[in-house]
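Asks: One structure, pasted below without further comment.
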Amino acid sequence: MSESSPTTSTTSDASIRAEGLVKQFKDGPRAVDGIDLEVAPGEIYGFLGPNGAGKSTTVLMLTTLLPITDGRASVGGFDVATQGSHVRATIGAALQEAALDPNLTAVEHMRLQTALQGIAKADRKRLGDDLIERVGLSDAADRKAGTYSGGMRRRLDLALSLVHRPRILFLDEPTTGLDPQSRTALWEEVARLAREDGTTIFLTTQYLEEADQLADRVGIIDGGKIVAEGTPAALKSEIGLPAVEILPADPGDHERVIDVLRANCSYDESQQTGNGTVSGRLREGTGLTEIVRALDAAGLKVANLAVHAPTLDDVFLAKTGRKLEGAGDDEEQDEHDHDGHHH
Ligand SMILES: Nc1ncnc2c1ncn2[C@@H]1O[C@H](COP(=O)(O)OP(=O)(O)OP(=O)(O)O)[C@@H](O)[C@H]1O
Ligand SMILES: [Mg+2]
């Protein structure tokens, strides 16, 4: 089947656009359930969600590796369903299951990839070595990928995805399994690609901190649906003022501490974690001082009192009623639990 030429592609300012995107697996879950999103050129878009949320399925559809069930999507102005080869020529992708040959070294992988991508023979070695160095694999460049740690495989896969200088880069959980130092190095590299090369980056993650620090905009996905979207700052400010958490010294004081919170904070029964700590969100005009005074006046002793500014986890909690950490399918359970439901 011949594809329509690039010139007939719909003009669109967005680098990535999805409208009503759906993936219904046969005899499986509706893994992606009507997603709308737009990513601007040069933007870092963080797709944040727990295990089984539908992140990889979305990435696989946007990169043309999985057919879409419904809706439409375009990448670099090309339709993913009808202009797949143009999409593939425009993008780079480092997927969750890195496709590396365990018998090839990093240098050999690079030699192959630079040749496949039509890099001039004279430039291949230098480009390959540069990219290996950029992802911090120079010391292991001549070792077989089969001997690499998970994090090293991730980094080699990223280097390979950069060979043809893609305008749009998809990274599926690029830092899972990386030690903190390698994670920071990868964040810097991703930020550099966006800042200096103007690369558009679509990055999935389960890490709040990663989305918060790296992404210009974040989409929070749960159960195949985007439940919140915006800049990290805007999402957090929607939540409101900082939360106060109080652990009564005497568990018997639980109800009375709740009364104090109700009087001074916005208290929501459904947001309580049930481990004895009571939490509420400060209201405009009330501060910690008022709460401490009220506790004191009521003769209540506390074992712990903490205040914390809203995080993306609070955003997730507000939208789904669950904490992001520990939400979603359990890794081990995942083998037996493909129903896509969340517990
Ligand atoms: N090929 C498939 N056939 C059937 N169901 C699938 C298939 N791939 C994924 N699923 C299911 O679709 C849902 C979404 O999976 P997906 O891999 O997109 O989640 P994810 O957000 O990437 O999770 P993780 O953080 O664990 O990588 C899950 O319930 C998963 O079990
Ligand atoms: Mg995934």
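Asks: Against the condition in contact with an Asp or Glu (Cβ under 6 Å, 6 or more places away or on another chain) and more than 16 Å from ligand 1 (Cβ to nearest atom), how does residue 114 come out, does it pass? Spell out how you get there, then give the answer.
Replies: Numbers: in contact with an Asp or Glu (Cβ under 6 Å, 6 or more places away or on another chain): no; more than 16 Å from ligand 1 (Cβ to nearest atom): yes.
Considered against the rule, which asks whether it is in contact with an Asp or Glu (Cβ under 6 Å, 6 or more places away or on another chain) and more than 16 Å from ligand 1 (Cβ to nearest atom), residue 114 comes out as no.
Asks: Of the residues 31, 53, 14, which single one is assigned to a loop (DSSP other than H, G, I, E, B), in contact (Cβ under 8 Å) with a residue 40 or more places away in the chain and within 16 Å of ligand 2 (Cβ to nearest atom)? Can you show your working first?
Replies: Working: 31 fails: assigned to a loop (DSSP other than H, G, I, E, B); 14 fails: within 16 Å of ligand 2 (Cβ to nearest atom).
Residue meeting the stated conditions: 53.
Asks: Being of a type in the set (A, V, I, L, M, F, W, C) and within 23 Å of residue 214 (Cβ to Cβ) is the filter; apply it to segment 74-104 and report the residue that is nearest to ligand 1 (Cβ to nearest atom). Quick ask: steps written out before the conclusion?
Replies: Filtering segment 74-104 down to residues of a type in the set (A, V, I, L, M, F, W, C) leaves 75, 78, 80-81, 87, 89, 91, 93-95, 98-100, 104.
Add one more test, that the residue is within 23 Å of residue 214 (Cβ to Cβ), and what stays is 75, 91, 93-95, 98.
On the way: 75: 18, 91: 18, 93: 14, 94: 14, 95: 10, 98: 13 Å.
Only one residue tops the list, namely 95.
Asks: So residue 36 clears everything in (1) away from ligand 1 (no atom under 16 Å from the Cβ); (2) outside any strand (DSSP E or B); (3) not hydroxyl-bearing (Ser, Thr, Tyr) except one condition, right? Which one?
Replies: The failed condition is (2).
Asks: Got a sec? Which of 209, 196, 133 is within 17 Å of residue 43 (Cα to Cα), modelled with pLDDT under 95 and charged (D, E, K, R)?
Replies: On the way: 209 fails: within 17 Å of residue 43 (Cα to Cα); 133 fails: within 17 Å of residue 43 (Cα to Cα).
Unique residue meeting the criteria: 196.
Asks: Within segment 87-104, take every residue that is farther than 23 Å from residue 175 by Cβ and not charged (D, E, K, R) and give me the one that is surrounded by the fewest Cβ atoms within 10 Å (Cβ to Cβ).
Replies: Among them, the one singled out is 103.
Asks: Can you confirm whether segment 15-24 contains a residue that is near ligand 1 (Cβ under 10 Å from one of its atoms), closer than 23 Å to residue 211 by Cα and not polar (S, T, N, Q)? Steps first, please.
Replies: Filtering segment 15-24 for residues near ligand 1 (Cβ under 10 Å from one of its atoms) gives 23-24.
From what's left, closer than 23 Å to residue 211 by Cα: none.
No, there is no match, as no residue in segment 15-24 is near ligand 1 (Cβ under 10 Å from one of its atoms), closer than 23 Å to residue 211 by Cα and not polar (S, T, N, Q).
Asks: Which residue pairs have Cβ atoms under 6 Å apart, sit 6 or more places apart or on different chains, and have a first residue in segment 75-90 that is closer than 16 Å to residue 18 by Cβ and a second that is of a type in the set (Gly, Ala, Ser)?
Replies: 77/9; 77/12; 78/9; 80/73; 90/76
Asks: Would a scan of segment 163-176 turn up a residue that is over 29 Å from residue 20 (Cα atoms), among the hydroxyl-bearing types (Ser, Thr, Tyr) and surrounded by fewer than 22 Cβ atoms within 10 Å (Cβ to Cβ)? Write out each step before concluding.
Replies: Initially, segment 163-176 is screened for residues over 29 Å from residue 20 (Cα atoms), giving 163-165.
From what's left, among the hydroxyl-bearing types (Ser, Thr, Tyr): none.
The answer is no; no qualifying residue exists.
Asks: Which of the residues that make up segment 39-71 are charged (D, E, K, R) and either within 17 Å of residue 320 (Cα to Cα) or over 15 Å from the mean Cα position of the chain (by Cα) (or both)? Steps first, please.
Replies: Filtering segment 39-71 for residues charged (D, E, K, R) gives 43, 55, 70.
The answer is 55, 70.
Asks: Considering only residues of segment 286-314 that are in contact (Cβ under 8 Å) with a residue 40 or more places away in the chain and assigned to a loop (DSSP other than H, G, I, E, B), which is farthest from residue 220 (Cα to Cα)? Even if it seems obvious, please write down each step before you answer.
Replies: Within segment 286-314, the subset in contact (Cβ under 8 Å) with a residue 40 or more places away in the chain is 288, 291, 295, 298, 300-314.
So of that shortlist, the ones also assigned to a loop (DSSP other than H, G, I, E, B) come out as 298, 300-301, 309-311.
Numbers: 298: 41, 300: 39, 301: 38, 309: 19, 310: 15, 311: 13 Å.
Here the answer is 298.
Asks: Return the residue satisfying two criteria in turn: it lies in segment 177-187 and is surrounded by fewer than 22 Cβ atoms within 10 Å (Cβ to Cβ) and of a type outside the set (Gly, Ala, Ser), and of such residues it is farthest from ligand 2 (Cβ to nearest atom).
Replies: Of segment 177-187, the ones surrounded by fewer than 22 Cβ atoms within 10 Å (Cβ to Cβ) are 177-185, 187.
If we keep only those that are of a type outside the set (Gly, Ala, Ser) too, we end up with 178-181, 183-184, 187.
Details: 178: 16, 179: 20, 180: 21, 181: 24, 183: 17, 184: 22, 187: 19 Å.
So, considering only residues that are surrounded by fewer than 22 Cβ atoms within 10 Å (Cβ to Cβ) and of a type outside the set (Gly, Ala, Ser), the one farthest from ligand 2 (Cβ to nearest atom) is 181.
Asks: Then there's this: Report those strands (runs of 3 or more DSSP E) wholly inside segment 188-274 carrying at least 2 residues which are under 26 Å from the mean Cα position of the chain (by Cα), exposed (fewer than 14 other Cβ atoms within 10 Å of the Cβ) and without any contact (Cβ under 8 Å) to a residue 40 or more places away in the chain.
Replies: Working: elements: 200-205, 217-222, 225-230, 243-248, 265-267.
Counting at least 2 such residues, we get no strands (runs of 3 or more DSSP E) at all.
Asks: While we're on this one: Could you please find all residues in segment 86-119 being modelled with pLDDT of 95 or more, more than 30 Å from residue 54 (Cα to Cα) and not in a helix (DSSP H, G or I)?
Replies: Once the filter is applied, which keeps residues that are modelled with pLDDT of 95 or more, more than 30 Å from residue 54 (Cα to Cα) and not in a helix (DSSP H, G or I), segment 86-119 yields 103, 104, 105.
Asks: Can I ask one more? Residues being touching a Lys or Arg at 6+ places or on another chain (Cβ under 8 Å) and within 16 Å of ligand 2 (Cβ to nearest atom): count how many of those fall in segment 150-176.
Replies: 5
The values are calculated or read from the model by the stated rules, or taken from the named source; none is laboratory data. Nothing here was measured: the structure is a model prediction, and the numbers come from that model. Virtual Cβ from ideal backbone geometry, glycine too; neighbours counted across all protein chains shown.
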